[in-house]
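All remarks here apply to the structure that follows.
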Amino acid sequence: MFSILYFIVGLTGIAIRPLIPIVSEDLKIGLDMIGFVLSAMSFGFFISVILGGYLSDRYGTKLIILIGLVISTMSSLSLGSSYIYFILLLSGLLIGIGRGMLFAGMNTHIINTYPERRGAMLLKLNQFFCLGMAVGPVIISINLFLKLDWRVPFIIFFFIYLIITPIFLRNKVIEDRTNFKKKSIKNFYKKNTKKASSLSEKIYLKEYFHLFKNPVIVLSGLLLIFFGGSVVPFSTWFTTYFSSLGVEVKVSSLGLSLYWLSVTAGVKIKQIVLNFLKEHKIVLLGCLLNTIFMIIITFSANVIVKITASVIMGLSLGGFTAIMTSLATSQKPKLSGFISGYILGMLSLGNMIFQPFIGYISERFGRGSEIYIELMGSLLLLITAFILANFYKNRKSNVETV
């Protein structure tokens, strides 16, 4: 069931990205305004994934996932009805909130269920997410080849969520392994005084603040900011960039699909490499290869070379977020929900910072100019990965056993 959910989140989450040039023309808005929509998506994701992670630790994951499904259903319908900019902006916010809740709940559930194999399991499920990201642009290309309205796929996604939500509710396999926390809290309030309860809560919250004294967690968050500011925008503005080189959206969208198929293959490679290399070394190697290919894409004059380099680059990026989530949660498994939410939140924060800036640069200096911002983000990503790898190898990780 989780494999299906990961696939659907990937499938529905990417669909708006290749449509950026078309949405811009249809609604008669500039790319800078599209940048604000993307920032709204990131803001919604940032708030909900951190809040959802915290609530998953406290009250269990099943309710959080259900909330994510309901909001994602609403966002798909809203996006399929976007004829004015305000609705588009609101839809972007709802998309972010829905995806944030889904990821917070699903990641926490997996980490709590498989504490000893969290990295491998997150990578395994990440394959289905990436596969969904690969299928999404194909659907968009088919829709454009058939000359249908760009909103049609989102109406289809609305019905997909409408069907999957009751199936999720009835699935007995997905039992919330953290429900005992909710029961424990209820029993605690029954058996203890209000004063004792308040003291316990303060101690509990104090543990969260102590996380930010851990350099591995702080550096991991910084790494995700630059990942969200370089790699994610590259996928988001992929068709916009290649449209500046004369490639039609219905064609470049297929190129984006190949890119995500490569990312999917990269996840599988990471699962194998994880048996031989430490997580921080895999991260450093992936960031190095990403930077090399970004340089080729930026400065090559040949469109075929650019697309080929983009597809190959995906191999180095597959499973990046899953590995970073595993690495960070290993520092304090008991607070896995909040930490995984924090990691994904920092990814979203990078989007919030970079997306409006990229939209402004694209509108001010023309489509294609955003590639230089993404290259800068890749360089910062590599530098941060180098610092984390050097720190990590000179330090014994304080890993808690569950």
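Read-outs: derived from the displayed coordinates by stated rules, not from any lab. Just so it is clear, the model here is predicted, and its values are computed rather than measured. Because the Cβ atoms are built from the backbone with ideal geometry, glycine has one as well, and the counts that use them run over all protein chains shown.
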*Return the FRET efficiency for the residue pair Ile87, Leu162: r is the Cβ-Cβ distance, R0 is 30 Å, and the value is rounded to the nearest 0.05.*
0.95
*asked:* Let's test this: bin the Cα-Cα distances of the chain at 20 Å from zero up to the farthest pair and state each bin's percent.
replied: 28, 58, 13, 0
*Taking Ser252, Ser340 and counting other C-beta atoms within 10 Å, the order from fewest to most*: Ser252, Ser340
*To the nearest µm²/s, what D does Stokes-Einstein give for the stretch 1-65 at 20 °C and 1.002 mPa s, using the Kirkwood radius over alpha carbon pairs as Rh?*
153
*State the Cα centre-to-centre distance between the stretch 308-377 and the stretch 224-261 in whole Å.*
14
*Mean 1/r over all different Cα pairs, inverted: what Kirkwood radius does the stretch 282-352 give, in Å?*
13.8
*To the nearest 10 degrees, how steeply does helix 62-79 sit against the main Cα axis of the chain, on a 0 to 90 scale?*
20
_If neighbour count is taken as other Cβ atoms inside 10 Å, put Phe226, Phe128 in order from fewest to most._
Phe128, Phe226
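How high is the relative contact order of the stretch 278-402, in percent, with contacts defined as C-alpha pairs under 8 Å that are six or more residues apart?
Rounded, it is 38 percent for the stretch 278-402.
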*asked:* Can you give me the convex hull volume of the Cα atoms of the stretch 306-400, divided per residue and expressed in Å³?
replied: 106
*At each listed q (0.14, 0.15, 0.19 Å⁻¹), what is the log10 of I(q)/I(0) that the Debye formula gives for the stretch 1-142 modelled as equal alpha-carbon point scatterers?*
-0.66, -0.75, -1.10
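Given a Förster radius of 45 Å and the C-beta distance between Asn302 and Leu169 as r, what FRET efficiency does 1/(1 + (r/R0)^6) yield to the nearest 0.05?
0.30
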*asked:* Charges on Cβ only, +1 for Lys and Arg, -1 for Asp and Glu, centred on the Cα centroid of the stretch 291-402; of Gly359, Gly314, Thr325, which one is farthest towards the dipole's positive end?
replied: Thr325
